[in-house]
Amino acid sequence: MIIISSCLLGLNTKYNGKSNFNEKFLKLLKDKIAIPFCPEQAGGLSTPRSPAEIQGGDGFDVLMGKARVITKDGEDVTEKYIKGAEEALKLARIYGIEKAVLKSKSPSCGCGKIYDGTFSNKLVNGVGVTTALFLKNGIEVICSDEFLNK
Ligand code: SF4
């Protein structure tokens, strides 16, 4: 059993009210091994919502209080991102889940690369807040891009 970013399965949880659907991810659900979860919604954010990026570091830095998650409108939504990550971890603990497939580049679910915080489409090395909390707690994270290229 794994946790998967819900937008990958076609649920319209993305900031713009759309999804990142791909048939390959839906197959995981058909095999009954994937639990869809959106940490941004679980953290209390609405959909659609203003896009956000991490400023001053990555998800690990957010958890250490060294970086913030800021929307394009300038709102600080750091606490909601942390709450969403904690809810995701809670779900993983309930089911004893040790692996997740998360959406690349997201400030919550990203792994390997995330946007740099300037809203200019530039990527930097780093992970999202939920990914960071998963990794800190021994949960393996597979990036969606990596999964698709397998
Ligand atoms: S927070 Fe994760 S699951 Fe939710 S829309 Fe963003 S990438 Fe998808």
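The values are calculated or read from the model by the stated rules, or taken from the named source; none is laboratory data. Worth saying up front: this structure is predicted, and the values here are computed from it rather than measured. Note that we place each Cβ from the backbone using ideal geometry, even for glycine, and neighbour counts take in every protein chain shown. Accessible surface is based on the protein model in full, side chains and every heavy atom, while ligands, DNA and RNA are left aside. Shrake-Rupley method; radii C 1.70, N 1.55, O 1.52, S 1.80 Å.
Tabulated data for the structure shown
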item: The lone exception for Gln41 - which of (1) farther than 15 Å from Ser144 by Cα; (2) open to solvent by less than 50 Å² (accessible area, probe 1.4 Å) it fails; result: (2)
item: Exclusive hit being away from the ligand (no atom under 11 Å from the Cβ), free of Cβ contacts under 8 Å to residues at least 40 places away in the same chain and either over 21 Å from Tyr15 (Cα atoms) or touching a strand residue (DSSP E or B) at 6+ places or on another chain (Cβ under 8 Å) (or both), set Arg49, Arg93; result: Arg93
item: Subset of region 1-38 that is of a type in the set (D, E, K, R) and either in a loop (DSSP other than H, G, I, E, B) or touching a Cys at 6+ places or on another chain (Cβ under 7 Å) (or both) - its residue that is most open to solvent (accessible area, probe 1.4 Å); result: Lys32
item: Members of region 50-101 found to be charged (D, E, K, R) and either part of a strand (DSSP E or B) or crowded, with 20+ Cβ neighbours inside 10 Å (or both), listed by number; result: Glu53, Asp58, Arg68, Asp76, Lys80, Lys99
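So that you can scan it fast, the table gives a plain yes or no per residue for (1) at pLDDT below 95; (2) over 12 Å from the mean Cα position of the chain (by Cα):
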site: Lys24; (1), (2): yes, yes
site: Glu53; (1), (2): no, no
site: Gly65; (1), (2): no, yes
site: Arg68; (1), (2): no, yes
site: Tyr81; (1), (2): no, no
site: Arg93; (1), (2): no, yes
